[in-house]
Amino acid sequence: MFETFIVVIPLMLSPGPANLVSFLLGTRNSVTQLLPFQLGILLVYTMVAIGLGFLTKRIGEFSPIAVGTLQTVGGLFIIYLGIQLVRRTKRDAIERSPTFLNGITLQSLNPKFPGVVMAVFANRDSQPTLMTVSIICFVGAMGLLTYSTAGSLLRVGHEPDRRFGVVDIVAGVLLCGVGLWFILQALLNT
C-alpha cells in the first residue's frame with residue numbers, strides 16, 4: 001500500500017487541469033464554496049478509477065489510437081480553457097461559486113486522469129482494485145484542497161484586484177502548456 005502512495009502522489013499532485021482550476025477558483029472563492037465543485041471532481045475520480053481499475057489491461061490492448069484521440073481532443077479543450085482565461089477582460093472577485101456539475105464536467109473532460117489511473121494500475125496490479133481506487137481518490141482530494149487553499153491565500157479581501165489578471169494569465173498559460181503536452185504525447189505515441 002505504501003508503494004501505491006509513492007506512485008500516486010506525484011501523479012495526482014501535479015498541476016493538471018483539476019488542480020489548476022481549483023487554484024484559480026481559490027483566488028476568487030472560499031475553500032468551503034469550492035466543496036461542491038471538488039466533490040463533483042472526486043465523483044468522476046472514483047467512477048473512472050473503478051472502471052479503469054477493472055478494465056486496465058483490456059483498454060490498452062483494445063485501441064491505443066482511441067486513447068490518443070481522447071488525449072488530443074481533451075488537450076484542445078484544455079488549451080481553449082487556457083486561452084479563455086488569458087483573454088478574459090472582466091476580472092471580478094465576486095462571481096458565482098462553481099457547482100457540483102461544473103466539477104463533474106471539468107473532470108469528465110480531463111484527459112490526464114485516465115492516463116494516470118492506467119499508469120497506477122499497470123504498476124499496482126497485485127493490489128486490490130478498490131484499495132488502489134481509495135488511495136487515488138484520497139490523494140486527489142488532498143491535491144484539490146491544497147491547490148484551492150494556495151489560491152485562496154492570494155485573495156485579498158473581497159475587492160476586485162489587478163492581481164487576478166496576472167493569475168488568469170499565468171493559469172491560462174499553464175493550462176495551454178498542459179493541453180499542448182497532452183497533444184504532443186498523443187502524437188508521439190502514435
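Bear in mind that the values in this text are calculations on the coordinates, not laboratory data. What you are looking at is a predicted structure, and each value in this text was computed from that prediction instead of being measured. Every residue, glycine among them, receives a Cβ derived from its backbone with ideal geometry; neighbour counts consider all protein chains shown.
Some points to look at:
- Ranked by the mean number of other Cβ atoms within 10 Å per residue, highest first, peptides 24-31, 182-189, 44-51 order as 24-31, 44-51, 182-189.
- Nearest-0.05 FRET efficiency for Asn189 and Val31, computed from C-beta distance (R0 30 Å): 0.20
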